[in-house]
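Report on one structure; see the data block that follows.
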Amino acid sequence: MTATPIALGPNHTPLLEQAITGAGGELADPADARALIWNAGPEGFPERLPENIEWVQLFSAGVEEWFDTPVFDRHPNVLFTSAAGAFAGTVAEHALMLLLAGVRALPEHLAAHSWRRQELGRSIGTLRNATVAVVGAGGIGRELIALLAPLGSRVIAVNRSGTPIDLPGVVETLPAQRLPEVWSRTDHVVIAAPATPGTRHLLGKAELAQLKSHSWVVNIARGTLVDTDALVEALRAGTIGGAGLDVTDPEPLPEGHPLWDLPNALVTPHDSNPPQLRTVAFAEHVAENVSRFTKGRELIARIDVAAGY
Ligand SMILES: O=CC(=O)O
């Protein structure tokens, strides 16, 4: 079988070159290639792709910043794929870490300088039999559900269509339009949905007001899905248990922002998928998609331009 010409840019790395050539591709210039593997953000992306490019693989799982560019409109005949799913394992692990840290009162314990056993112990909750709403049951959400199930959590999964998520631990799957029902029914919330105009501030003042005083909110998706000011207000007032945030709005979260100092906020700097893990996972994703492309099979993580992710 002849190798399929694939272009790589803007950064050539031995790992990605190996992923391409090992999966049936051969490195080529964009002018001669059938596909482009792009391992950076929108800046520097070619204004017009050569006509011969049929498929472009993008570098991130969330692609909302690409929707702020004319790239999709300019190339209506090109298939774009994201890295959705490629980093799901590491991001789900991080989400579980934030949720467990919150529910088991790790921040209070870290802040303690004396053996206040009775007082600290009172803040500890459990994920066993707790209802956890996983808002956005795509790649990350599903990985997280698989981690929550052995802990005995009862998951309400929310996805766009409401198509039942057939995984252990899921007690109910709801379509996105029934999200308003979820807040008062759940103990904790994990946000794992893509950033689209429709998901902006899906957790705001009115929604936070329906959560329980022990509820932890974890966001590993995008900061814009949560109304930051409303969250800060709820955290200050103690009307929810706390928030574990790998993503914030704004991002980077400026020094001096209240979220850094609130005792019931746990912030990590969007590093649930750090470079040393991302590089390897992205190369595996590229190898899988190049292999599919060379065999004429359907690619994974196709971007649905109309849906916005
Ligand atoms: O946030 C990181 C990504 O979307 O890949």
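Summary table below
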{"quantity": "Number of positions in segment 1-25 that are of a type in the set (A, V, I, L, M), within 22 Å of Pro275 (Cα to Cα) and outside any strand (DSSP E or B)", "calculated": "4"}
{"quantity": "Residues of segment 161-196 that turn out to be more than 16 Å from Val217 (Cα to Cα) and either open to solvent by less than 60 Å² (accessible area, probe 1.4 Å) or at pLDDT below 95 (or both), as a count", "calculated": "13"}
{"quantity": "Count of residues meeting criterion [of a type in the set (Phe, Trp, Tyr) and surrounded by 17 or more Cβ atoms within 10 Å (Cβ to Cβ)] in segment 240-265", "calculated": "0"}
{"quantity": "Meets criteria (more than 16 Å from the ligand (Cβ to nearest atom) and acidic (Asp, Glu)) for Glu93", "calculated": "no"}
{"quantity": "Where His270 falls short, out of the listed (1) away from the ligand (no atom under 16 Å from the Cβ); (2) of a type outside the set (D, E, K, R); (3) closer than 17 Å to Ala92 by Cα; (4) open to solvent by 20 Å² or more (accessible area, probe 1.4 Å)", "calculated": "(1)"}
{"quantity": "Counted residues, segment 1-39 - those being touching a residue at least 24 places away in the same chain (Cβ under 8 Å) and within 18 Å of Val78 (Cα to Cα)", "calculated": "14"}
{"quantity": "Number of the condition not met by Val217 [criteria: (1) outside any strand (DSSP E or B); (2) more than 16 Å from the ligand (Cβ to nearest atom)]", "calculated": "(1)"}
{"quantity": "Pairs where the first residue, in segment 51-76, is in the same structural domain as Val286 (by TED's automatic domain parsing) and the second is hydrophobic (A, V, I, L, M, F, W, C) and loosely packed, with under 14 Cβ neighbours inside 10 Å, C-beta under 8 Å, 6+ apart", "calculated": "Asn52/Ala31; Phe59/Ala40"}
{"quantity": "Unique match (being more than 15 Å from the ligand (Cβ to nearest atom) and under 24 Å from Ala83 (Cα atoms)) among Ala287, Ala265, Ala281", "calculated": "Ala287"}
{"quantity": "Selection count, segment 220-242, where residues are in a loop (DSSP other than H, G, I, E, B) and either touching a helix residue (DSSP H, G or I) at 6+ places or on another chain (Cβ under 8 Å) or within 15 Å of the ligand (Cβ to nearest atom) (or both)", "calculated": "7"}
{"quantity": "Test: residue in segment 37-48 that is in contact with a Pro (Cβ under 7 Å, 6 or more places away or on another chain), more than 13 Å from the ligand (Cβ to nearest atom), at pLDDT 95 or above and of a type in the set (A, V, I, L, M)", "calculated": "no"}
{"quantity": "Any hit, segment 243-265, residues being outside any helix (DSSP H, G or I) and hydroxyl-bearing (Ser, Thr, Tyr)", "calculated": "yes"}
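Per-residue answers, yes or no, for (1) at pLDDT 95 or above; (2) within 17 Å of the chain's Cα centre (by Cα); (3) within 13 Å of the ligand (Cβ to nearest atom):
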| site | (1), (2), (3) |
| --- | --- |
| Pro70 | yes, no, no |
| Asn77 | yes, no, no |
| Ser82 | yes, yes, yes |
| Arg117 | yes, no, no |
| Ala133 | yes, yes, no |
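The values are calculated or read from the model by the stated rules, or taken from the named source; none is laboratory data. Note that the coordinates shown come from a computational prediction; the quantities given were computed from them, not determined experimentally. No Cβ is skipped: glycine too gets one built from the backbone with ideal geometry, and neighbour counts run over all protein chains shown. Accessible surface areas use protein heavy atoms only, side chains included; no ligands, DNA or RNA. Shrake-Rupley method; radii C 1.70, N 1.55, O 1.52, S 1.80 Å.
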